[in-house]
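The values are calculated or read from the model by the stated rules, or taken from the named source; none is laboratory data. Keep in mind it's a predicted model, so treat the numbers as computed, not measured. Reconstructed Cβ throughout: ideal geometry from the backbone, glycine too, with neighbour counts over all protein chains shown.
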Amino acid sequence: MAEYGVLAGKTGDRINVRANPSTSATSPHYGLQGDVVQLLENKNTKDGYVWHFVQFPSGAQGWVRSDLISRMDVGC
C-alpha cells in the first residue's frame, strides 16, 4: 500500500526538495506547506537525519527531511 505525507511548516513555507539526501545537495524543486507527497523510500544518513524520497502529484521527485513531513493515514 502506498504511503503519503504532508509537507509540514508554516503557511507559505517553501520546503526544499533535494537531488540527494543531504542538506548540502542542490534543491531543483520545492514544495509548499500542506502539499501532499507519496513516500517512496527512506534513508538514514550519517548526519543523523532521516530522509524520504518523495513524489508530488505533478511527478516531480526528490528528497525531503523526515522532520518536514507529517505522515498521513490513508484508507484503502
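Brief remarks on what is shown
- Qualifying positions in the range 55-69 - within 15 Å of N16 (Cα to Cα) and either of a type in the set (F, W, Y) or exposed (fewer than 14 other Cβ atoms within 10 Å of the Cβ) (or both): F56, W63, D67
- Test: T11 is of a type in the set (V, I, T), at pLDDT 95 or above and out of contact with any Pro (no Cβ under 9 Å at 6 or more places or on another chain): no
- Criterion (modelled with pLDDT under 95, farther than 12 Å from G5 by Cα and out of contact with any Cys (no Cβ under 8 Å at 6 or more places or on another chain)) met by exactly one of T45, T26: T45
- Filtered residue count, the range 12-54, keeping only those that are assigned to a strand (DSSP E or B), surrounded by 15 or more Cβ atoms within 10 Å (Cβ to Cβ) and among the polar types (S, T, N, Q): 2
- Evaluation of D67 against (1) under 20 Å from K10 (Cβ atoms); (2) acidic (D, E); (3) in a loop (DSSP other than H, G, I, E, B) (one fails), failing number: (3)
- The single condition among (1) free of Cβ contacts under 8 Å to residues at least 40 places away in the same chain; (2) in contact with a Gly (Cβ under 6 Å, 6 or more places away or on another chain) that I69 does not satisfy is (1).
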